[in-house]
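Undergrad: Below you'll find the structure I mean.
Coordinate-derived values only; no laboratory data. Note that the structure is a prediction, hence the values are computed from the model and not measured. Reconstructed Cβ throughout: ideal geometry from the backbone, glycine too, with neighbour counts over all protein chains shown.
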Amino acid sequence: MRTAVIAPPATPAAALTRRAVEMIVLSTAALVVVVALAGFRGANATGALAWSGDAQVFTHPTIPGDRVLTGKLRNRGTHTLRVDIGDVRLLAAGGDVVPSTPVFLQTSGRSLWAAGRGPQPVPDTELLRTGRIALLSPGEEVPLTIAWHDTDGDPARVDYNDGSLTVPG
């Protein structure tokens, strides 16, 4: 078997050209690896939000027909992200909406004002405090809790208009 021998460049310009071609090939290969890894990591999430740690679906022992998903979301994007709770919904594998009640809290919260009373529009501080919106800077986390009736469907994804996440379990 013969080994190919590459002759040294004849001129300095040829040496620069060869070096430029080598750098382009290496850069392209590195980019392919980065894109492949990014695609693999994002297989269970699209958009800027991702689960931070373990999200869990559980059934309360006294309410066997209900399910609760709880976890923390992290903004893995490069810009501040606002998510309104009205944009969060559960989707079954076929794309059907599973009726649910989401909140950006680990517990329930109450508004400072009775329904239909108070300032209009409701200030963002009140919407944040009661879990009706999430404002996430890059890298910031927020809790998410979603409840639904088991008979309403089997959710596969949490959709928030700008992306979606896989329901664990």
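Undergrad: Provide the net charge surrounding D84, with neighbours chosen by a C-beta distance below 14 Å and charges set as Lys +1, Arg +1, Asp -1, Glu -1. Mind dumping the intermediate values first?
TA: Numbers: positive: R82, R89, R132; negative: D87, D124, E126, D159, D162.
Neighbourhood net charge equals -2.
Undergrad: Going by the alpha-carbon gyration tensor, a ≥ b ≥ c the square roots of its eigenvalues, is the stretch 47-166 rounded (a/c under 1.5) or, if a/c is not under 1.5, prolate (a/b greater than b/c) versus oblate?
TA: oblate
Undergrad: Here is a further query. Tell me which chymotrypsin sites (Phe, Trp or Tyr not before Pro) from the stretch 60-150 have a DSSP coil assignment and no more than 15 other beta carbons within 10 Å of their own. Before the final figure, lay out each step's value.
TA: On the way: sites: F104, W113, W148; in loops: F104, W113.
Taking the stretch 60-150 and a limit of 15 other Cβ atoms within 10 Å, the loop chymotrypsin sites (Phe, Trp or Tyr not before Pro) found are W113.
Undergrad: Further question on the same structure: Pull out the extension gain between T46 and A7, defined as 0.36 nm times the separation in residues minus the alpha carbon to alpha carbon distance; nm, one decimal. It would help to have the intermediate numbers written out before the result.
TA: Numbers: separation 39, 0.36 × 39 = 14.04 nm, distance 4.87 nm.
Full extension of this stretch gives 9.2 nm more.
Undergrad: Same structure again: What's the ranking of 45-55, 62-72 by average number of surrounding C-beta atoms within 10 Å, highest first?
TA: Highest mean packing first, the order is 45-55, 62-72.
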